[in-house]
Amino acid sequence: MTEYYTRMGDGKRVLMTKEAIMADIQAGTADAADMAEIPALTSADMEKLFEIISDKNRIVGVEPGKEVVLTYDIGQLDFTGDNGNSGNGVDMGRLEAALLHERALGADTFELAHADYSIKPVKPIIANEMQTMEEIQAEIIAPYFYGAMPNMGLYYAPDGPYGNPADLMREFKIEESMASSEAAAEHLARDIEFVGTRIIAAGADGFNFDTTGSAGDADCVGTLNGVKALREACPDAYINVGMAGESVMGIHGSIEFEGQVVAGLYPHQQVKVAQKAGANVFGPVCNTNTSKSLAWNLARAVTFIKACTDVAEIPCHVNMGMGVGGIPMCETAPIDAVTRCNKAMVEIANVDGI
Amino acid sequence: MAVPHYMASGMGGIRSAGDLVARMEYSKNMKVGEAKEYVAKKLGISTLDIADEFIMRELREELRIGTVTAVPGVPRGIAAKMNIEKLLDIKINSCEKFRGMLN
């Protein structure tokens, strides 16, 4: 019986038969469909996904004419960062990193980033970031954003002024926990407006919000309120709202954005609140299960993202880093897996970018 | 990750017209198909050709909108973006700020 080289969600190479791959595709799409109450992939989609996964070539690609835009996150940190960001540990200036991405790596957009890649630590050094933005904008041609994670965890004790909701809940202080989340969300929204308006004033094309909702539903609401304020202050700014996961974690449980409870929202619902807040582009996410195969993970991810692009009124640039979008969760994502995920997201999920 | 992404599905930024399509997605909320058609029409070529490095290398130099290889005297940075503003009929924030600094 013919077997095909493919991958597990942790990146390990495995051999699977067509029957095993198809079974995982069916199980992956069924899992997403059941979780989000969205359509599963059609038989034709699943057959196409099998063809992509079982392709004998080491790398695959989209058909000419189907290329999409690549929006980059994390800025120069993919060169300068450590292995926590799959960074190479190559120290270099931010101008050099930006121009290398533009002129050597085929980036359609790029961004400036703080070493911590979070909103909060940018505040005290905003003048430095504005100066660097002005300098790089003078030289770069491609759209050049400022990028950061909302990362509301930094606003909780011991790093921030607000009580840690998880600690408070363990003490059965539920109302205090919710109040702490709400206060932190308001603080985050103020900081987004502070940092965002200043960096746009320095000439940034826009702002890329990476891993929205990573600290739960209040993080998501704080970010959306920050985006709304930034949109009102800077009507022409390019705003990309990228998410942290396929479902918003309900740590608060009932916090709302514009009357919508955000806990438990899936990509096809998340995109609607992002649009309402003022995003130009939405970055849906589906996290990878390392114990499942590439076929299972990719089918599941494509199902979530296809349902999202079907209803989106704005372009969707799916997150395709290490451990998202079907890509294995490892520092050195194998290129056979990465390129298969790209092709499936473009040709089956109909994304506008990556 | 940059290399496999570009090779599998990317437009290639200023190697072709990826930066221009990105600007239309972000500035006008255009989906990728509409953005490509808009850019192709402005460039006077097909939507297939706007991702063709061979065609776009010469065209970008001719239109003075920035080239991926270093050509002395050919606009890059703000100068190239000012030409992109005219080509795509959009405003670019950094160009607006630059103009605001002039007397």
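Just so you know, all these numbers are worked out from the coordinates, no wet-lab data involved. All values reported here derive from a predicted model rather than from experimental measurement. Note that each Cβ is placed from the backbone with ideal geometry, even for glycine, and that neighbours are counted across all protein chains shown.
Please list 3J(HN,Hα) in residue order for the range B:52-62, calculated via the Karplus relation 6.51 cos²θ - 1.76 cosθ + 1.60 where θ = phi - 60°; whole Hz, with x for glycine and proline.
Going residue by residue, I get 9, 4, 4, 6, 6, 4, 6, 5, 5, 5, 4 Hz, with x marking Gly and Pro.
At what distance in angstrom do the alpha carbon centres of the range B:1-74 and the range A:3-75 lie from each other?
The range B:1-74 and the range A:3-75 have Cα centres separated by 28 Å.
How would you rank A:185-192, A:231-238, A:343-350, highest first, on the average number of other Cβ atoms within 10 Å across their residues?
The most tightly packed comes first, giving A:343-350, A:185-192, A:231-238.
Averaged over A:141-152, how many beta carbons belonging to a partner chain fall within 10 Å of each residue's beta carbon?
Neighbouring Cβ atoms belonging to other protein chains average 4 per residue here.
Based on the Cβ-Cβ distance of A:Asp159 and B:Asp89, what FRET efficiency does E = 1/(1 + (r/R0)^6) give at R0 = 45 Å, to the nearest 0.05?
Efficiency, from the Cβ-Cβ distance: 0.45.
Could you please report the charge total around A:Val14, scoring K, R as +1 and D, E as -1 over all other residues with beta-carbon less than 13 angstrom from its beta-carbon?
Taking every other residue near A:Val14 into account, the sum is 0.
Quick one: if you stick a label point 7 Å off each Cα along the C-beta vector at A:Ile126 and A:Leu95, how many nm between them?
If labels sit at A:Ile126 and A:Leu95, their model points lie 2.5 nm apart.
Just grab the label-to-label distance for A:Asp116 and A:Ser254, each label 7 Å out from Cα along the Cβ direction, in nm (one decimal).
Going by the 7 Å Cα→Cβ label model, 3.3 nm.
Mind running the shape call on the range A:169-299? Use the C-alpha gyration tensor, a ≥ b ≥ c as the square roots of the eigenvalues: rounded below 1.5 for a/c, prolate if a/b tops b/c, oblate otherwise.
oblate
Going by average Cβ neighbours within 10 Å, how do the peptides A:16-27, A:142-153, A:165-176 rank, with the highest at the top?
Top to bottom by mean Cβ count within 10 Å: A:142-153, A:16-27, A:165-176.
What FRET efficiency do you get for A:Ala179 and B:Lys28 if R0 is 56 Å and r is their Cβ-Cβ distance, rounded to the nearest 0.05?
Once rounded, the FRET efficiency stands at 0.85.
How far is helix A:267-277 tilted, in degrees, relative to the longest principal axis of the Cα atoms in chain A, given as a value from 0 to 90 rounded to the nearest 10?
So the inclination is approximately 30 degrees.
Using only atoms on other chains, find how many Cβ atoms lie within 10 Å of each Cβ of peptide A:195-204 and report the average.
2
Using 0.36 nm per residue, how much length does the chain from A:Glu51 to A:Asp34 gain when fully extended, once their Cα-Cα distance is taken away?
3.7 nm
Ignore the peptide's own chain and count Cβ atoms of other chains within 10 Å of each Cβ in B:30-40; give me the average, rounded.
Mean shielding count: 4.
What order, most packed first, do the peptides A:204-210, B:73-79 have when packing is the mean number of other Cβ atoms within 10 Å of each residue?
Most protected by this proxy first, the peptides run A:204-210, B:73-79.
So what is the calculated 222 nm ellipticity per residue for chain A, using -39500 (n - 2.57) for each DSSP H run with n of 4 or more, over all residues, to the nearest 500 deg cm²/dmol?
Dividing the helical sum by the residues of chain A leaves -14000 deg cm²/dmol.
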